[in-house]
Amino acid sequence: MNSKRAGVAFALGMSMVAALPAMAAEKPINISLFPPLALAKPTDSVTAFRFNLIYGKNTSVKVVDLGLINHTTSGVSSGLEWGGINYTEAEFSGIQLGAVNYNRGTAKGFEWGMVNYAGTAGGLQLALLNYAEKIDGLQIGAVNIIKQGGMFPVMIIANWSKK
């Protein structure tokens, strides 16, 4: 009986030790002046809230991302991103509010700003200038550009995907 308990305790302990590196790479909160002056390292993901006084860089942010310059590098970021410049290298889904929203990867949801750029856009882009490499959605603004899959390559007021 004692050997069974010892075996279960050993297996549980080894599982916890194996999970520690993954848990260490996730932080619930980050407050950043600019890297490296931040609570979380740029290689960490933030699971609840990030506030960037000047510039914040993490792999991904979920739920709320506020700041002057918000930068995510990989993984899926989601929720509300509100800043002067929102720069996403991977995927974002949710609401982006900023003067400039620049998504090198995929943006799904609602983008509102002066300038919106998305590698692949899904949802609504609302800005003075909207640009999407590919889109499955709608652009509303002064100038709307869709490189591939749009109803028109360039259009004023509104442009949308061909489907």
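Readers should treat all values here as calculations from the given coordinates under stated rules, not as data from a laboratory. Given the structure is predicted, the values throughout are model-derived calculations rather than measurements. Glycine also receives a Cβ, built like all others from the backbone with ideal geometry; neighbour counts cover every protein chain displayed.
Under the criterion of Cα pairs below 8 Å and six or more residues apart, the relative contact order for segment 39-141 equals 14 percent. Taking Cα extents along the principal axes in Å as calculated from this structure, the corresponding entry among (1) 70, 28, 28; (2) 75, 38, 17; (3) 42, 36, 25 is (2). Using the Kirkwood radius over Cα pairs, work out the Stokes-Einstein diffusion coefficient for segment 28-89 at 10 °C and 1.306 mPa s, in µm²/s as a whole number. This corresponds to a translational diffusion coefficient of 150 µm²/s.
Taking a Cβ cut-off of under 13 Å around Phe51, the surrounding Lys, Arg, Asp and Glu residues balance to a net charge of 0, with basic ones at +1 and acidic ones at -1.
Between helix 2-24 and the chain there is an angle of about 30 degrees, using the helix long axis and the longest principal axis of the Cα atoms. Assuming charge only on the beta carbon of Lys and Arg (+1) and of Asp and Glu (-1), the dipole of the chain about its Cα centre is about 380 debye to the nearest 20. Each 10 Å bin, from zero up to the one with the longest distance, holds this percent of the alpha carbon pairs of segment 67-163: 21, 56, 22, 2.
A full extension of the chain between Leu80 and Leu97 corresponds to an added length of 5.3 nm, given 0.36 nm per residue minus the alpha carbon distance. All other residues whose Cβ lies under 13 angstrom from that of Leu97 are scored, Lys and Arg at +1 and Asp and Glu at -1, for a net of -3.
Label-to-label distance, Ile54 versus Lys134, with points set 7 angstrom from Cα along the beta-carbon direction: 3.8 nm.
Counted by Cβ distance under 12 Å from Gly149, the other residues give a net charge of +2, where Lys and Arg count +1 and Asp and Glu count -1.
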